[in-house]
Amino acid sequence: KRVADTSGEPSFVTGAGQTVPYTKDVRLPPVIVQLSTGAGTFDFRQDGRLVVVTLEPALRLGGNSVELNKGEAIFDALTIQELPGSTPSQMIFTVETASGETYTLRTGNLEHVPTSEHANPHTVAFKNSGFFTRAGIGKEAPTAPAKIPGFGLQVLNRIGYPLSVAQPTVTVSGTDLTPSPTSYSTLAIEGLEVTKTGNNPSLSFQVSLNSGAFTATVSTGVLQLVTSSQRNKFMLFDEDASFIQRENQGNTAVLGTPMPVIVINLYTSDMARDASNTGLIITATTPQGTLKGAEALVVGGVATFTDLVFVGQAPRSAVITFTAGTQGSLPVAQSTLLSGAIAVSVTAVKAQHLSFAIDSDVQENTPAYFPLINNEFSVSRIVVQMRDSAYRIDSSASDINLELSATRSSTSAKDQSKMSATVQNGIAVFSGLVFTLPLAVFQFEVSDPTAKRASLFSGFVTVAQNPLTADARRIEERAREHVQDCRSTGGTPCLYSLAFASEFGTFSSHVHATDQQIFTTEGASIPIIVVELRDQFGVAATFPDSVAPALVAFTADDPDAETLLVTDGGANRGQWENGKYRFTCLQFRTAPTGLVRIQFMPIDESRTPKIRLEAMTTFGVPLRTGFVSVTQNPTPNYGLRFTESLSVIAYPGQRSSAVLNVALPPIAIELVDSLGRFDGTDSSAVIVASTSSGSLDPIGSREKVTEGRAVFTGLKFASVSDQPTITFKVYQTAHPVAGKQISTGAFTVTTL
């Protein structure tokens with residue numbers, strides 16, 4: 001029997017004989033004990049037996065008995081309720097097996113820490129989620145110029161709880177490697193590069209507070225630095241799209257209810273997103289419970305678990321291991337990702353989590369920019385939703401007070417002013433906000449004053465003078481300067497990013513959202529695709545066309561090696577027109593043999609050879625369509641689209657609003673041939689609507705196609721969960737359109 005640390009959360013006690021600091025009547029951080037066999041593996045045979053903690057000499061205890069579950073007992077409410085006596089006490093963990101054998105494990109002495117010392121920093125540790133989560137642990141990591149995925153540091157007090165600290169200085173050093181940068185003014189470590197210089201490389205991070213009055217260091221173990229360029233080397237959770245965003249991140253789940261979508265991306269050894277693989281299988285397992293929906297197929301470098309769910313008995317806490325299979329003998333084979341400790345309940349726990357609504361001006365993990373006007377900036381609405389432990393919107397939650405504050409950088413040194421809002425029917429709205437903070441990067445924090453729920457943080461917010469409000473004579477000059485920043489490899493950050501044009505109507509874009517699937521015919525022109533540069537405020541940048549860089553469309557790994565995609569002029573290019581780049585004649589010279597996407601990348605043609613402006617992309621991933629289906633000959637009844645003139649939804653991915661149990665305005669869908677022309681020849685197909693979360697009223701969710709078109713007039717939400725989308729799928733036809741589908745964007749659903 002041993003004290004251990006494999007549950008996703010670190011055990012406060014990690015070894016027999018360890019000194020244990022505590023404060024009277026203050027709950028200890030989780031202490032985790034495991035029952036192991038002689039071979040060192042979990043011993044499941046004693047599950048259900050009680051592990052009991054006693055003190056010797058005796059002191060009053062709370063939360064001191066826990067059942068073994070899959071060989072593990074997690075003490076998350078252990079509280080010592082007396083001050084120490086003249087002889088220091090020790091904790092003794094005891095379990096009696098079914099056969100009457102008794103096993104014990106003893107800590108070192110308990111040391112009392114008065115509450116007056118709780119604000120004092122004691123040590124530094126890695127945060128519990130991120131690329132590094134444990135001191136002294138080695139793992140594979142990329143080398144420069146690739147950047148190590150992000151992670152965090154935390155300053156702990158004597159009894160193991162994290163502190164909010166102001167203006168930390170972090171000094172990065174290494175053994176047998178050279179780090180860059182070597183210093184940070186935040187505990188969130190992003191963009192770190194390392195260059196190997198010896199055989200046993202490791203990293204160390206020294207945190208200094210109060211001008212050096214406190215310093216402490218935490219180090220990794222020996223790192224296995226990947227120096228050669230390899231495809232499909234790493235896999236990571238998708239921080240923007242996945243329920244589990246970083247390794248070792250804990251959460252909640254409900255027995256029998258699928259968890260929100262978990263997305264895992266493959267990466268090259270240079271930490272670039274790798275879309276080259278289709279066919280690898282990633283499997284989810286946990287020793288603490290039973291999972292269904294536990295396999296996901298990698299398609300284009302992305303594995304998506306859409307219905308992963310705990311079944312059978314609910315484990316008190318479980319860690320999920322995601323393991324890459326051996327299909328294709330890829331370098332990533334047998335690699336693993338771990339979730340943190342997931343608390344599983346039999347029924348949903350009400351009012352458990354906070355999240356931003358889709359109509360909120362700030363979002364989690366998404367940068368935001370606000371213009372500074374007269375030394376102030378305003379935010380119209382920050383909308384927060386209350387969710388249950390299954391991450392469904394909890395409309396029963398009311399009269400719960402929340403507070404909003406501005407957190408400078410990521411140090412939790414908060415602005416003194418706080419605003420309050422009250423949750424009603426699951427929603428809290430902070431509106432009409434005006435701030436006078438200095439120009440700096442910060443986050444908004446939404447917190448529960450009772451500390452019953454974890455705080456919610458926005459992405460990083462930048463306040464800046466909007467260049468579009470400058471003197472008109474300076475607009476072109478400033479635009480040139482900002483585009484030049486995107487050509488440089490360091491220094492001033494690039495303010496622009498690529499996006500599909502957002503307007504709909506004249507010269508509307510055939511593609512409206514990243515990863516939108518499209519189809520075409522070999523040798524035929526794809527309908528116009530419009531791409532724009534957006535500035536840091538998320539709006540289309542306006543400047544003379546001569547200022548903007550050229551764009552290239554491609555399907556290959558290298559734009560210069562493109563063989564499939566051309567325009568009628570022979571080059572896979574378009575042209576700028578009124579601030580938008582229009583690809584008007586893209587076509588496939590031949591149909592591809594496998595799955596391909598069309599990618600769009602800005603390039604700098606002023607240099608030889610031409611270089612990609614990856615600063616204008618998202619983490620080096622080009623703007624892209626979904627997979628493209630290409631037929632060799634024009635094919636009738638091949639695809640479907642929304643009928644703009646008859647439908648409240650005009651294009652895929654369009655967001656909208658709805659009222660629970662109230663019919664939506666008509667949504668019309670029509671069949672088209674592989675050239676994108678309306679095809680009114682079919683009256684056999686049936687189109688069925690389904691939702692990504694919650695449920696639709698069955699009446700009105702199924703329509704027959706008549707002369708190539710189906711109109712949904714009675715479609716309505718019967719229940720709502722997580723910002724639902726609606727997908728329309730074709731059935732009951734022998735035409736190629738069978739099984740194809742089209743989806744809306746997210747709906748904001750309210751109640752009457």
Would you mind getting the accessible area per residue of the range 162-235, heavy atoms of the protein chains only, 1.4 Å probe, in Å²? 47 Å²
Distance between Cα centroids, the range 581-597 to the range 27-72: provide it in whole Å. 60 Å
Formal net charge of residues neighbouring Ser719 (Cβ-Cβ distance under 11 Å; K, R +1; D, E -1): +1
Taking a probe of 1.4 Å and leaving out DNA, RNA and ligands, the range 21-113 shows per residue an accessible area in Å² of 47 Å²
Summing Lys, Arg as +1 and Asp, Glu as -1, what charge do residues with Cβ under 12 Å from the Cβ of Ser99 carry, Ser99 excluded? 0
Considering amide H positions built from the backbone, and no H for Pro or chain starts, which residues 5 or more places from Leu280, or on another chain, come under 5 Å of its amide H? Val298
Relative to the longest principal Cα axis of the chain, at what angle does helix 472-487 sit, 0 to 90 degrees, rounded to 10? 60 degrees
To the nearest Å², the heavy-atom accessible area per residue of the range 296-357 with 1.4 Å probe amounts to 39 Å²
What's the magnitude of the charge dipole for the range 208-293 around its Cα centre, counting Lys and Arg as +1 and Asp and Glu as -1 at the beta-carbon? Answer in Debye, nearest 20. 180 debye
In the chain, once you exclude exposed GluC sites (Glu not before Pro) (DSSP loop, at most 15 other Cβ within 10 angstrom), what's the longest stretch remaining? 191-502
Please list, in order along the range 643-654, the HN-Hα scalar couplings obtained from phi with the Karplus expression 6.51 cos²θ - 1.76 cosθ + 1.60 (θ = phi - 60°), rounded to whole Hz, x for Gly and Pro. 8, 3, 6, 10, 10, 5, 9, 9, 8, x, x, 5
Using a 1.4 Å probe on the protein chains only, how many percent of the accessible area of the range 135-293 belongs to carbon and sulfur? 47 percent
As an exercise, use a Förster radius of 60 Å and the Cβ-Cβ distance of Ile92 and Ser276 to find the FRET efficiency, rounded to the nearest 0.05. 0.60
Dipole check, the chain, charges on Cβ (K,R +1; D,E -1), about Cα centroid: among Gly152, Pro622, Ala513 the Cα furthest to the positive pole belongs to Gly152
Report, in whole Å, the centroid distance computed from the Cα atoms of the range 679-752 and the range 296-319. 26 Å
Run the Debye formula on the Cα coordinates of the range 245-358, all scatterers equal and no solvent, and tell me log10 I(q)/I(0) at q = 0.12, 0.14, 0.17, 0.22 1/Å. -0.46, -0.61, -0.85, -1.23
What dipole magnitude, in Debye to the nearest 20, does the chain give about its Cα centre under +1 on Lys/Arg Cβ and -1 on Asp/Glu Cβ? 560 debye
Would you be so kind as to identify which of Ala275, Ser395, Leu338 lies farthest towards the positive end of the dipole of the chain, taking Lys and Arg as +1 and Asp and Glu as -1 on Cβ and the Cα centre as origin? Leu338
What number comes out for the charge environment of Gln313, summing +1 per Lys or Arg and -1 per Asp or Glu over other residues with Cβ under 14 Å away? +1
For the range 614-705, which whole-number percentage of the solvent-accessible area (1.4 Å probe, protein heavy atoms only) is attributable to carbon and sulfur atoms? 54 percent
Under 5 Å between amide H atoms, partner at least 5 residues away or on a different chain: which partners does Ala16 have, H built in plane at 1.01 Å? Val3
How much space per residue, in cubic angstrom, does the convex hull of the C-alpha atoms of the chain take up? 188 Å³
For the range 623-644 and the range 380-399, compute the distance between their C-alpha centroids and round to whole Å. 38 Å
Amide H partners (placed H, <5 Å) of Thr143, local residues excluded: Val226
Considering only protein heavy atoms and a probe of 1.4 Å, how much of the accessible area of the range 54-98 is carbon and sulfur, as a whole percent? 46 percent
Residue by residue, what Karplus-based ³J(HN,Hα) values in Hz, rounded to whole numbers, does the range 263-269 have, using 6.51, -1.76 and 1.60 with θ = phi - 60° and x for Gly and Pro? 10, 10, 10, 8, 9, 6, 5
Work out the charge dipole of the chain with +1 on the Cβ of Lys and Arg and -1 on the Cβ of Asp and Glu about the Cα centre, then indicate which of Gln327, Ile92, Asn425 is farthest towards its positive end. Ile92
Quick one: Karplus J couplings for the range 182-193, per residue in order, coefficients 6.51, -1.76, 1.60, θ = phi - 60°, nearest Hz, x for Gly and Pro? 9, 8, 9, 10, 8, 8, 8, 9, 10, x, 7, 10
Work out the length of the dipole vector of the range 619-687 about its Cα centre, built from +1 on the beta-carbon of each Lys and Arg and -1 on the beta-carbon of each Asp and Glu, and round it to the nearest 20 debye. 280 debye
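The values are calculated or read from the model by the stated rules, or taken from the named source; none is laboratory data. Note that the structure is a prediction, hence the values are computed from the model and not measured. All Cβ positions, even for glycine, are placed from backbone atoms using ideal geometry, and neighbour counts span all protein chains on display. For the accessible areas, the whole protein counts, side chains as well, though only heavy atoms, and no ligand, DNA or RNA atoms are used. Shrake-Rupley method; radii C 1.70, N 1.55, O 1.52, S 1.80 Å.
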